[in-house]
1. Considering (1) farther than 22 Å from ALA51 by Cα; (2) surrounded by fewer than 20 Cβ atoms within 10 Å (Cβ to Cβ); (3) in contact (Cβ under 8 Å) with a residue 12 or more places away in the chain, say which one ILE428 fails and leave the rest.
2. Evaluate the stretch 3-13: report whether one residue or more is near the ligand (Cβ under 9 Å from one of its atoms) and crowded, with 22+ Cβ neighbours inside 10 Å.
3. Which residue out of LEU24, LEU42 is farther than 24 Å from LYS389 by Cα and either outside any strand (DSSP E or B) or in contact with a Pro (Cβ under 9 Å, 6 or more places away or on another chain) (or both)?
4. Are any residues in the stretch 299-343 at negative phi, away from the ligand (no atom under 16 Å from the Cβ) and not in a helix (DSSP H, G or I), and if so, which ones?
5. Of the residues ASP422, ASP357, ASP367, ASP436, which is closer than 19 Å to LEU250 by Cα, in contact with a Lys or Arg (Cβ under 6 Å, 6 or more places away or on another chain) and surrounded by 12 or more Cβ atoms within 10 Å (Cβ to Cβ)?
6. Anything in the stretch 359-368 that is at negative phi and either in a strand (DSSP E or B) or not hydrophobic (A, V, I, L, M, F, W, C) (or both)? List them, or say none.
7. Can you list residue pairs whose Cβ atoms sit under 7 Å apart, with the first residue in the stretch 122-145 being under 16 Å from HIS158 (Cβ atoms) and the second being part of a helix (DSSP H, G or I) and of a type in the set (D, E, K, R)? Count only pairs 6 or more apart in sequence or on different chains.
8. Is it true that some residue in the stretch 76-93 is within 24 Å of THR213 (Cα to Cα), in contact (Cβ under 8 Å) with a residue 24 or more places away in the chain, within 16 Å of the ligand (Cβ to nearest atom) and in contact with a Gly (Cβ under 6 Å, 6 or more places away or on another chain)?
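The values are calculated or read from the model by the stated rules, or taken from the named source; none is laboratory data. These figures come from a predicted structure and were not determined experimentally. Don't worry about glycine lacking a Cβ; one is built from the backbone with ideal geometry, like all the others, and counts go over all protein chains shown.
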Amino acid sequence: MKQEDFREKSYWLTTRDYRPGKPLEADLDVDVAIVGGGFTGLSAAYHLKKAEPGLRVAIMESQVVGFGASGRNGGFNMTLFGLTLGVTAIRFGKAKTRASHHYMEKAVDLLRDLVAELNLDCDYEHPGFLRVATTRTYRRRILEEIELAHRLGLEGIHWLEKDQLDRQVKSDMYLGAWWEPRCGILNPAKLAWSWRDVLEPMGVQIYENTPVTEIGQGGGKVILHTPAGRVRAEKAVLATNAWSHFFPRLRRKQIPVWTHIVLTEPLSETHFKKIGWRNRQGIEDARNLVHYYRLTADNRLLMGGRDVSLTRGFDMDKDRNEATFEGLRKDLRELFPALKDIRFTHQWGGPVSVPLDMAPALGYAGDRNIVYSLGCVGHGVSLTHLNGKTISHLVLEKQSDLTDVFFVNRRTIPWPQGLLQDAAIKAILGAMHWDDRRAEGTKP
Ligand SMILES: Cc1cc2nc3c(=O)[nH]c(=O)nc-3n(C[C@H](O)[C@H](O)[C@H](O)COP(=O)(O)OP(=O)(O)OC[C@H]3O[C@@H](n4cnc5c(N)ncnc54)[C@H](O)[C@@H]3O)c2cc1C
């Protein structure tokens, strides 16, 4: 990859000057080697150094910090764990669903507090989150989710009727919304790069353009191979998210799935007069294949979701999907006809990590000296930051309320391989599409 090519991966990656650091050029001995310079790896490095400032910690990133999902996402700091509360309850039961939501609340608060404490320059705003109902079926679905949340004793989630929602954001398609003031929005690439600004003075070594090609063991250490040197470490952290299947021990724990985004030019005052949205909440709808949308610091409208792209084998170059980009532009104009003439300036995509049961997983990768984390299923901005802290406890072998949570060291359901994997994906996606079409057939 040429020096500045990473900037083509998202609009966010063009919003700040960034000079990538040096690659690893010789053998290296450290206490903890972290593979992957996304939020998971960055947060793990921070929490390790905070707990034990003397630790020698190095991050190896195959491209640049923030190259993966962390530099390309919607920037929602939100509480959703996995797909929905309902899906989590079916898979894990009510007590674990409650525990997962409490973990996510902690994650959202941690990220907000870290941004404030460490002065992470990422255009952070705290306007809350709306999950809007755009058909009667989605209205019923959201009301059922809120009822489940309340039965589980979860607080801070409310229903807004259409007229209350209209006073916030106006679309003829809206029939009400889930309202959750706890959540925020941010610029994710700026966040990732601000992490580098914080970590290097703490003594974390960050090597960019340094892919880890193989991991082995030798002399009681973990050995990480890179093109120009070997890293010998007491412990390693695999913070490789949607790329995790490249490592044999994680191969069947997740698959990469791409979600796509379009971005408009800045909205004008006339646009805001028509659609409201002065309070700038992050918004999702209730589809299985959600739309997510928000305003940027300079008032562009970002909309992502609608459909996903898949890969075969190890091809990770699925960022662009013209049909989905076109569909998103159409959906946005349908939702807000006042924006029918708006110009679209950017489009991009990025991979999320999807376990077969759509829930995150982290823990020891067989041996206690290798820790992994993956499976945020498109909702990992907050989660990865708290997971970084949890990972630091796993690395330091310190039991805590974080390491005791049920999805740490859980058994994951292995993805089938080859044609069986294709069939499983086709069945799952087919059911999601079918259900969305059914729900949209009831449009008022
Ligand atoms: C388009 C999009 C929109 C999203 N929107 C939201 C949202 O609004 N809110 C939300 O909560 N979540 C969202 N997500 C999910 C969220 O971005 C991710 O869950 C989160 O960023 C994952 O962080 P990570 O550090 O685990 O992984 P990543 O950021 O993907 O980092 C993994 C890193 O590992 C590196 N790597 C891989 N293999 C190797 C190797 N062998 N050697 C060295 N380095 C390697 C990669 O280059 C990459 O930089 C979205 C994701 C996408 C793609």
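1. Condition (3) is where ILE428 drops out.
2. There is at least one residue in the stretch 3-13 that is near the ligand (Cβ under 9 Å from one of its atoms) and crowded, with 22+ Cβ neighbours inside 10 Å.
3. LEU24
4. ARG312, PHE336, LYS340, ASP341, ILE342, ARG343
5. ASP357
6. Filtering the stretch 359-368 for residues at negative phi gives 359-362, 364-365, 367-368.
Answer for the stretch 359-368, where residues must be at negative phi and either in a strand (DSSP E or B) or not hydrophobic (A, V, I, L, M, F, W, C) (or both): PRO360, ALA361, LEU362, TYR364, ASP367, ARG368.
7. ALA133/ARG139
8. In the first step, residues of the stretch 76-93 are kept if they are within 24 Å of THR213 (Cα to Cα); the result is none.
The answer is no, given that none of the residues of the stretch 76-93 is within 24 Å of THR213 (Cα to Cα), in contact (Cβ under 8 Å) with a residue 24 or more places away in the chain, within 16 Å of the ligand (Cβ to nearest atom) and in contact with a Gly (Cβ under 6 Å, 6 or more places away or on another chain).
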